[in-house]
Amino acid sequence: MYSIIPKLFPYYVLAVFLFGAHDVSSKMRVSNAKGSKLDTTFVINGIELQGNRRTKSYIILRELGFVPGDTVARQDLEKAKKRIENLNLFNRVTFYLDQQTLLINLTERWYVFPIPILFWNEHDFKKLSYGMGVFHYNFRGRAELLAFSGWWGFNPGYSLQYVNRWFGGKHRFYSEITFFSKRVDSKTLEFPDLEERHRGFSLVLGKRWGFYTFSDLRLEYDVLYTNYPDIMLSGTARDHLLRLQLHFKYDSRDLWEYPRRGMKAEWAFSRCSLQNFRHPYRLLKIDWRYYHPVKAWILATRLAWEQSFGKVAVYDRLFLGYDQRVRGHFQHICEGENRSVFSLETRFPVLKIRYFDLYTTILGSYLHNLQFGVYGSLFFDSGATWFQDEKITLRHYNSGFGGGLNFLLPYSTVLRLEWAWDENLHPELIFDGNVAF
């Protein structure tokens, strides 16, 4: 939950647009700005950074993939620009070529968010959580994340997280450590009054192979209490769980927040057991996403499959209707030990992205070059869950289709307003955050 809370901040920014926003959408275009048009290939004899007030220069330069003296193709320059944008540290990144010197102009984002938490769990207004969080997205100026949040109300808890996306220089290691404590009310339909209490930590250590390939090992230790001892692996009210996961990812998407081209392919194999390695079960996860531009349109597809092996604990079952949803059956909850999701979507510009400046004495240039754009979408979703003793058939699948608007807001925020229908043409209105996939 804590990972999406800072996205409340841009809603304030969008509201301020009504009070003195200045359109700068015609400025700083790489290919249209006079004197800055780039050839197909060109020689870079120097690189200058402008605007990185807090971010260390090497954090930016290591994403380029070239150094002074190299001959660079235009497409490689565009890829480097997108990689810098995917750091999520800048409102806008523009490249200029001044003779043989590459000028990289950066508009930094505000990096610390001490904000209140107000969150409706599972899209249910009766399940309100509230609290406070502090998020530092550019800790030490090195693109590290340091976050703490605590909340009350529905499913109260707290989380402390540190993420380092690149350390060890040319070895390109990355790491993440999280401490957590939370209560989780029942998701399972079989035990509607099940209550879980989790305390523990997770540790991730990985390596980045080049710019687009990642591999890591995740370790999680979770002390779980429930009010149903009979469903626990240990046969008592408390399980000490040890989870190990091996994870591979290839991600060539141009912009993670709203991809227009590229591919994301993930493979993960997890093993969960008690801390003494008894009662193990395993989960294989495959998630493939592909994005292809056709002029101004985007064709997107996703195929995900999760297959379990061994006796899965009730509290580790898979669902549709919570973190994964089928539009057209958005509120419909399905439960099982395996899960499959398929999506097709076409996206097209309604209002091309433009940039605005907001003038405040407090945040200054951190509110410059704020993006705003609107895309339309047409989509089809289908998904299913099933248990290991069931044979998967078409009757397990729920499907839906529809269309909507995607609002691309400042600070990598995407809001979706969609209208969907199920197989029987029953309609539903969807308001959600983040790109669908």
What tally of residues in the stretch 137-147 results from selecting those that are assigned to a strand (DSSP E or B) and over 12 Å from Ile115 (Cβ atoms)? 6
Based on this model, can you work out whether Glu176 counts as assigned to a strand (DSSP E or B) and either in contact with a His (Cβ under 7 Å, 6 or more places away or on another chain) or under 24 Å from Arg278 (Cα atoms) (or both)? no
Taking the stretch 303-338, which residues are touching an Asp or Glu at 6+ places or on another chain (Cβ under 7 Å), crowded, with 19+ Cβ neighbours inside 10 Å and in a strand (DSSP E or B)? Ser308, Leu318, Asn338
Listed residues His426, His396; which is surrounded by 14 or more Cβ atoms within 10 Å (Cβ to Cβ) and closer than 30 Å to Thr188 by Cα? His396
Exactly one condition in (1) farther than 21 Å from Leu242 by Cα; (2) modelled with pLDDT of 95 or more is false for Glu190; which is it? (2)
In the stretch 206-236, what residues are more than 27 Å from Gly157 (Cα to Cα) and more than 22 Å from the chain's Cα centre (by Cα)? none
Of everything in the stretch 285-302 that's aliphatic (A, V, I, L, M) and without any contact (Cβ under 8 Å) to a residue 40 or more places away in the chain, which residue is surrounded by the fewest Cβ atoms within 10 Å (Cβ to Cβ)? Val294
The residue that is surrounded by the fewest Cβ atoms within 10 Å (Cβ to Cβ), considering only those in the stretch 180-195 that are in a strand (DSSP E or B) and either touching a helix residue (DSSP H, G or I) at 6+ places or on another chain (Cβ under 6 Å) or basic (Lys, Arg) (or both), is Arg183
If a residue counts only when it is under 21 Å from Leu378 (Cβ atoms) and either more than 24 Å from the chain's Cα centre (by Cα) or hydroxyl-bearing (Ser, Thr, Tyr) (or both), which strands (runs of 3 or more DSSP E) contained entirely in the stretch 237-298 have at least 3 such residues? 281-294
Any strands (runs of 3 or more DSSP E) falling wholly within the stretch 339-437 and containing at least 3 residues that are among the aliphatic types (A, V, I, L, M) and farther than 19 Å from Thr301 by Cβ: 398-409
How many of the residues making up the stretch 260-284 are of a type outside the set (A, V, I, L, M, F, W, C) and surrounded by 17 or more Cβ atoms within 10 Å (Cβ to Cβ)? 7
Confirm whether Ser215 is part of a strand (DSSP E or B), of a type in the set (Ser, Thr, Tyr) and in contact with an Asp or Glu (Cβ under 7 Å, 6 or more places away or on another chain). no
Within the stretch 63-78, track down each residue that is outside any helix (DSSP H, G or I) and surrounded by 17 or more Cβ atoms within 10 Å (Cβ to Cβ). Glu63, Leu64, Val72
Can you confirm whether Phe9 is part of a loop (DSSP other than H, G, I, E, B), over 21 Å from Leu102 (Cα atoms) and at pLDDT below 50? no
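Taking Leu102, is it closer than 22 Å to Leu409 by Cα and not assigned by TED's automatic domain parsing to the domain that holds Phe356? Give the derivation first.
Numbers: closer than 22 Å to Leu409 by Cα: no; not assigned by TED's automatic domain parsing to the domain that holds Phe356: yes.
No; evaluated as a whole, the condition is false for this residue.
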Return a yes/no flag: does the stretch 310-329 have any residue that is free of Cβ contacts under 8 Å to residues at least 60 places away in the same chain, among the β-branched types (Val, Ile, Thr) and out of contact with any helix residue (DSSP H, G or I) (no Cβ under 8 Å at 6 or more places or on another chain). no
Lone unmet requirement of (1) modelled with pLDDT under 95; (2) of a type in the set (Ser, Thr, Tyr); (3) crowded, with 16+ Cβ neighbours inside 10 Å for Thr236: (3)
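The values are calculated or read from the model by the stated rules, or taken from the named source; none is laboratory data. The structure presented is a predicted model; accordingly, all values stated were derived computationally and were not measured. Here the Cβ is made from the backbone with ideal geometry for all residues, glycine too, and neighbour counts use every protein chain on show.
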